[in-house]
1. What is the distance, in nm, between label points placed 7 Å from the Cα along the Cα-to-Cβ direction at residue 379 and at residue 285?
2. Could you let me know the centre-to-centre spacing of the range 267-299 and the range 169-187, using Cα atoms, in angstrom?
3. Could you tell me which of rounded, prolate or oblate describes the range 162-375, using a ≥ b ≥ c as the square roots of the eigenvalues of the alpha-carbon gyration tensor, with rounded for a/c under 1.5 and, failing that, prolate when a/b is larger than b/c and oblate otherwise?
4. Please give the length that would be gained between residue 415 and residue 351 if that part of the chain were fully extended, namely 0.36 nm times their separation in residues minus their C-alpha to C-alpha distance (nm, one decimal).
5. Quick check: from the Cα gyration tensor, does the range 1-155 come out rounded (a/c under 1.5), prolate or oblate?
6. Helix 230-240 against the longest principal axis of the chain: what's the angle in degrees, Cα atoms only, rounded to the nearest 10?
7. What does the C-alpha gyration tensor say about the overall shape of the chain? Classify as rounded when a/c is under 1.5, otherwise prolate if a/b is larger than b/c, or oblate.
8. In what sequence, highest mean first, do 389-398, 350-359 appear when ranked by Cβ atoms within 10 angstrom?
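None of the figures in this text is laboratory data; all of them are computed from the coordinates on show. Keep in mind it's a predicted model, so treat the numbers as computed, not measured. Reconstructed Cβ throughout: ideal geometry from the backbone, glycine too, with neighbour counts over all protein chains shown.
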């Protein structure tokens, strides 16, 4: 697996790409072989000129930060553009690089440029290229001698394997860590980062924009003009997550394992009876600059499979580590404001499959003054829990087992609140 990204082409890339221009094997299937030897100076001048063109969007393809090829849109006029791609580093041929690069380019065309159609021309003999384009929602529309014209209606663009759900509000100090964790993932499938930025009062949006400018093929953005609140933001992001799977990480937390998504998606692909999986994590206290480790690997050593009944009784899933099957039918149950929203998402998803703990450490949960839970009064949080449970359980009046489990959970929460109050009274005395 590789970390595959597209980034804007820069003049410095000429130091590598000029050699590709002179490799006949690279151009064998493209029909765009240069008609003269290309020197570094010629390539340098060409890149300097084309990156300034208004009707082209030119990008470098990188694999684990190594520059390996180019992908570009030309003739960007109105709502259409033409796609071109080549992998110059032949050691990366046949390794799925073009597939992800093409997908990122199409996602960029759809989500950032707001185009409607992308087309291309490919040689009939380029079977590998045609296969890549067909995988990415292109269809053959015309034939001319040895060429095939293919077109992709972006409204029909295939969904990514996984959507990365990210809520952001006043996360200027932290969001870069979160995005870096998303971008470092090494996978053999496509992923899209779906960000809901809730009209922050700090520079969160500016930080996000800086990453979108550098890696525009990875993002789908919901920038709210007014603050809609955490619950509505969550609902909007979920509705825009169209991947087969969803991974959640809020903008103040971050991932540390580059194989996190691959490991979790592989498990769910191979185990149809499971709907959710999660991992171990660490807790970083921003105020004391210290780490705590819940050590779930040890805790769940003898039991690592769970049912919906168990998640109702105990919200044990660290959401920043979770990956679950995307079921849009659950969104209708989330239209009311529940606290915490992620717990109820897990309860709804667990109706369709078991929950699995995977023994890897993949993420860091950040405790800080601005966190939704970490900054709140635990008694107030428990009050929100109880109100949310009461609203939620009314939607499932005929599910008597669920009703009983919620009754038990409410009793536990009330007892916990009583302990908090007694502790507070004793501390005052």
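1. Label at residue 379, label at residue 285, 2.3 nm between them.
2. Here the answer is 17 Å between Cα centres.
3. Values: a/c = 1.38, a/b = 1.28, b/c = 1.08.
Here the range 162-375 falls in the rounded category.
4. 20.3 nm
5. Rounded, since a/c falls under 1.5.
6. 40
7. prolate
8. 350-359, 389-398
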